[in-house]
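*Asks:* Have a look at the structure that comes next, please.
Values in this text are rule-based calculations from the coordinates and carry no lab data. Everything quoted here is computed from the prediction, not taken from an experiment. In this analysis, Cβ positions are derived from the backbone assuming ideal geometry, glycine residues included, and neighbour counts consider all displayed protein chains.
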């Protein structure tokens, strides 16, 4: 898999904004990607040094629209901690 196939999109929430100051960035990643692949993909795409990666499988939530109900899609989330001497990711700099 290519690096851009592993990192799907950033997660932009209040909790993820709080981690930006500590160089923690949150992404939606491919479900079958492991921590090593995620680390290498972030280092390749953004040119940073990754210290550790935490992952979580997020289940879809029940949603209703009138009489109909269904589930939102489930996804895999990765929280990436950069090393102290690493530069920050420029995309997130304008958000904090």
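Let's see how each residue does on (1) part of a helix (DSSP H, G or I); (2) loosely packed, with under 15 Cβ neighbours inside 10 Å:
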{"position": "5", "(1), (2)": "yes, yes"}
{"position": "18", "(1), (2)": "yes, yes"}
{"position": "33", "(1), (2)": "no, no"}
{"position": "38", "(1), (2)": "yes, no"}
{"position": "42", "(1), (2)": "yes, no"}
{"position": "57", "(1), (2)": "no, yes"}
{"position": "60", "(1), (2)": "no, yes"}
{"position": "64", "(1), (2)": "no, yes"}
{"position": "76", "(1), (2)": "no, no"}
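*Asks:* Of everything in segment 78-92, what is touching a residue at least 60 places away in the same chain (Cβ under 8 Å) and assigned to a helix (DSSP H, G or I)? Give them in sequence order.
*Replies:* The answer is 91, 92.
*Asks:* Is segment 25-48 home to any residue that is at negative phi, within 16 Å of the chain's Cα centre (by Cα) and in contact (Cβ under 8 Å) with a residue 60 or more places away in the chain? Steps first, please.
*Replies:* Applying the first criterion (at negative phi) to segment 25-48 yields 25-46, 48.
Imposing the further condition that a residue be within 16 Å of the chain's Cα centre (by Cα) reduces the set to 25-46, 48.
Checking which are in contact (Cβ under 8 Å) with a residue 60 or more places away in the chain leaves us with 25.
For segment 25-48, residues at negative phi, within 16 Å of the chain's Cα centre (by Cα) and in contact (Cβ under 8 Å) with a residue 60 or more places away in the chain: present.
*Asks:* Pick from 11, 6, 20: which is in contact (Cβ under 8 Å) with a residue 60 or more places away in the chain and touching a helix residue (DSSP H, G or I) at 6+ places or on another chain (Cβ under 7 Å)?
*Replies:* Values: 11 fails: touching a helix residue (DSSP H, G or I) at 6+ places or on another chain (Cβ under 7 Å); 6 fails: in contact (Cβ under 8 Å) with a residue 60 or more places away in the chain.
Exactly one of 11, 6, 20 is in contact (Cβ under 8 Å) with a residue 60 or more places away in the chain and touching a helix residue (DSSP H, G or I) at 6+ places or on another chain (Cβ under 7 Å), namely 20.
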